[in-house]
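Have a look at the structure below before the remarks.
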Amino acid sequence: MPEVITLLCPVNAARGKGAELAAALAELAAETVKEPGNICYRPHATDDPDEFIIYEQWQDAAALDSHMATAHLQKFLADRAGLLAGEPHGRFLKEIK
């Protein structure tokens, strides 16, 4: 059985745009959880109103690759360019067994 892929993805809003980005992340999550191969996709706010972290899990690399190519993710990245402070980037996590 392939290992589940787990990511932490920090997403930073342009200064003062945190509320708008939070709403956009909620919309993105609502679409992403419907994707085949998605186990978990949860955006979280931090104590900084312009900083968010997405916790996500995928059944395998193919599911994650498919997510990266979805229309809703590509639309989020294109439409939200003015809301983001830099590119979102994921950090892969490995479970300690």
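Residue pairs whose Cβ atoms lie under 8 Å apart, sitting 6 or more positions apart in sequence or on different chains, and linking a residue in the stretch 79-90 that is within 17 Å of A19 (Cβ to Cβ) and modelled with pLDDT of 80 or more to a partner that is assigned to a loop (DSSP other than H, G, I, E, B) and not small (G, A, S), are G82/K17; L83/K17; A85/R15; A85/D50.
Selection within the stretch 28-47: residues that are in contact with a helix residue (DSSP H, G or I) (Cβ under 8 Å, 6 or more places away or on another chain) and without any contact (Cβ under 8 Å) to a residue 40 or more places away in the chain. The member of this set that is farthest from D60 (Cα to Cα) is A45. Restricting the stretch 53-97 to residues that are assigned to a loop (DSSP other than H, G, I, E, B) and of a type in the set (A, V, I, L, M) leaves a set whose member that is least open to solvent (accessible area, probe 1.4 Å) is L83. Restricting A14, A22 to residues that are open to solvent by less than 50 Å² (accessible area, probe 1.4 Å), of a type in the set (G, A, S) and touching a residue at least 60 places away in the same chain (Cβ under 8 Å) narrows the list to A14.
Quickly run through the stretch 32-44 and pick out the residues that are assigned to a strand (DSSP E or B) and open to solvent by 80 Å² or more (accessible area, probe 1.4 Å). Answer for the stretch 32-44, where residues must be assigned to a strand (DSSP E or B) and open to solvent by 80 Å² or more (accessible area, probe 1.4 Å): I39, R42, H44.
The values are calculated or read from the model by the stated rules, or taken from the named source; none is laboratory data. As the structure is a prediction and not an experimental result, all values here were calculated from the model. So basically every Cβ, Gly included, is an ideal-geometry build from the backbone, and we count neighbours across all protein chains shown. We work out accessible area using only protein heavy atoms, side chains counted, and drop any ligands, DNA or RNA first. Shrake-Rupley method; radii C 1.70, N 1.55, O 1.52, S 1.80 Å.
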